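S.K.: To start, I am sharing the structure in question, which I have written as structure tokens.
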Amino acid sequence: MTTPLTDLSPDDLSALHEQLSDEHAELVARGVSLNITRGKPSPAQLDLNADLLTIDVPSHAEDGQDVRNYGGNRGLTEIRRIFGELLGVDVDHIIAADNSSLSIMHDLAMFAFVHGIAGEKPWFGQNVKFIAPVPGYDRHFAICEHLGIEMIPVELGEHGPDVDEVAKLAADPSVKGMWVVPMYANPNGVVYDEETVRALVSMPAAPDFRMWWDNAYALHHLTDTERPPLPVLQWAEEAGNPDRVFELASTSKITFAGDGISFLASSKANLDWYLGHAGIRSIGPDKVNQLRHAKYLGDAEGVRKLMRAHREILTPKFALVDEILTNRLGGREVATWTHPTGGYFITLDVMDGTASRVVALAKEAGIALTPAGASHPLHDDPHDRTIRLAPSFPGMDELREAMEGVSTCVLLAAAEKLLA
Ligand code: PLP
């Protein structure tokens, strides 16, 4: 039966509500414990890289550096060369650090607060604002919240945000930053197009305005179309704004999320600025791990091959989520969801005003969902509509059970709302 809920007669809607309540009570009674909250690689994905734990690592890098010792703040050329090629960045414009790109994003903001960027005043004490495309990545927003940065939400369209709206905001000199996940955005899978990117690197903005260009999913295609990352650093330079972009990436969802390598790609001036501060914070990154990764991955093609193996594991999970949502919610007109071609997430938009209720109902049934509102600054989803689904970690059976349960919760919350 696929009648839209809004077309049901009051009696039919009440009957459906009763049936869904019974289904939900059964779920609660079953006492399952399922979790689709975070975009973590599954054990099967981690096992793809089992050899990384046993591979022999030489003691010296190609430039003769002893990787066991201090030093080498830019990271090893071997690994920078591989990821420079993958990201379309010259090796001199990319540095390799420790296991988390999020920590570089945080440090970049902290350094700006304490020391200022490009000879400008430190941000500390100023009313600093960031443009925050929504829905977006909760941990980006958490950095802003933690540092007292005001976030200005802008709607993330099919090819990126509306550039006229962004340009208007960026004209305010207190707007100092913007979050961008240009490929397979977390959580709705949007891919920025050339027109948008060229506009973003060209628009006038404060001299210390930077875009946190988080290319966490640049290589994480879910289809055979392996589109190359857009050459944002080159376009920024061509536009006369060579310092506009801090590009970030990491191997977190390529090798081990807890034991990988992060990258910062940017202009020479930005990298010198960053290293000037990062060099006080640390005497050098974990070069043993960098060399281990370089030996293990071999070259850019080695990474692409590995990403295809990840894809084999991930695509059936995304297909399963789509299949269950289509079977259970198709034609009911209470939800829409994304069909990402890459990345780690599906965005499920439920009937306005019911996302929190769906998450609460799922929790009662032992299914942990990312909190409603997490994809918006300060957890404030004005429509109470968006739920992020992360299908990567659970096994297929667990995922199936969780998504059947979530579908019941979506329908039940909508029926409750319509009956209220
Ligand atoms: N950026 C985005 C958009 C993410 O979704 C994630 C993890 O989910 C990260 C960064 C985390 O990156 P890292 O593991 O390199 O700190």
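Bear in mind these aren't lab numbers, they're just calculated from the coordinates by the rules spelled out. It should be emphasised that the depicted structure is a prediction, and the values quoted were computed from it without experimental measurement. As a convention, Cβ positions derive from the backbone with ideal geometry for all residues, glycine included, and neighbour counts pool all protein chains shown.
S.K.: What Rg and what Dmax come out for segment 186-273 when only alpha-carbon atoms are used, in angstroms?
M.R.: 14.1, 40
S.K.: Something else: With both bridge residues required to lie in the chain, what share of the DSSP beta bridges run antiparallel, to the nearest 5%?
M.R.: That works out to approximately 45 percent antiparallel.
S.K.: List the relative contact order of the chain as a percent without decimals, with contacts defined as Cα pairs under 8 Å and 6+ residues apart.
M.R.: Worked out over the chain, it gives 27 percent.
S.K.: A further question on this structure: If packing is taken as the average number of other Cβ atoms within 10 Å across a peptide's residues, how do 134-140, 294-300 rank, most packed first?
M.R.: Ranking the peptides 134-140, 294-300 by packing returns 134-140, 294-300.
S.K.: Order these peptides, 56-66, 273-283, 218-228, by their mean beta-carbon neighbour count within 10 angstrom, highest first.
M.R.: Ranking the peptides 56-66, 273-283, 218-228 by packing returns 218-228, 273-283, 56-66.
S.K.: Between A171 and N127, what is 0.36 nm times their sequence separation minus the Cα-Cα distance? Round to one decimal in nm.
M.R.: The span from A171 to N127 would gain 14.4 nm if fully extended.
S.K.: Counting only helical runs of four or more DSSP H residues, what would the 222 nm mean residue ellipticity of the chain come to if each run contributes -39,500 (n - 2.57) and the total is spread over all its residues?
M.R.: Result for the chain: -13500 deg cm²/dmol, rounded to the nearest 500.
S.K.: Test of understanding: ordering E158, E247, E401 by Cβ neighbours within 10 Å, fewest first, what list do you get?
M.R.: So the ranking, lowest neighbour count to highest, is E158, E401, E247.
S.K.: Further question: How do L412, L48, L378 line up, fewest other C-beta atoms within 10 Å first?
M.R.: Least crowded to most crowded, the residues run L378, L48, L412.
S.K.: Give the lysines whose C-alpha is closer than 25 Å to that of K287, dropping any in the same chain fewer than 8 places away, or say none.
M.R.: Those lysines meeting the cut-off are K40, K253, K268, K295, K305.
S.K.: Still on this model: Using just the Cα positions, wrap the chain in a convex hull and report its mean projected area in square nanometres, one decimal place.
M.R.: Mean shadow area of the hull around the Cα atoms is 21.1 nm².
S.K.: Let me ask something additional. Specify the inter-centroid distance of segment 384-420 and segment 130-205, based on alpha-carbon positions, in whole Å.
M.R.: Here the answer is 28 Å between Cα centres.
S.K.: Here's something else I'd like to know. With 18 Å as the cut-off, how large is the P(r) tail for segment 158-229, expressed as percent of Cα-Cα pairs?
M.R.: Beyond 18 Å sits 40 percent of the P(r) for segment 158-229.
S.K.: I would also like to ask the following. Computed on alpha carbon atoms, what radius of gyration and Dmax characterise segment 348-420, expressed in Å?
M.R.: 12.1, 37
S.K.: Considering the options S101, L13, H146, tell which one lies farthest towards the positive end of the dipole of segment 1-148, charges being +1 on Lys and Arg and -1 on Asp and Glu at the Cβ, about the Cα centre.
M.R.: H146
S.K.: Give me the dipole magnitude in Debye, nearest 20, for segment 1-125 about the Cα centre, with unit charges on the beta carbon: positive for Lys and Arg, negative for Asp and Glu.
M.R.: Its charge dipole is roughly 620 debye.
S.K.: Relative to the longest principal axis of the C-alpha atoms of the chain, give the angle of the C-alpha long axis of helix 268-281, reported between 0 and 90° and rounded to the nearest 10°.
M.R.: 90
S.K.: In whole Hz, what ³J(HN,Hα) sequence does segment 358-368 give by Karplus (6.51, -1.76, 1.60; θ = phi - 60°), x for Gly and Pro?
M.R.: Listing the rounded values in order: 4, 5, 5, 4, 5, 4, 4, 8, x, 10, 8 Hz.
S.K.: Let me ask another. Against the longest principal axis of the chain, how steep is helix 77-87, in degrees 0 to 90 to the nearest 10, with axes from Cα atoms?
M.R.: The two axes meet at around 50 degrees.
S.K.: On a 0 to 90 degree scale, rounded to 10, what angle separates helix 396-419 from the longest Cα axis of the chain?
M.R.: 60
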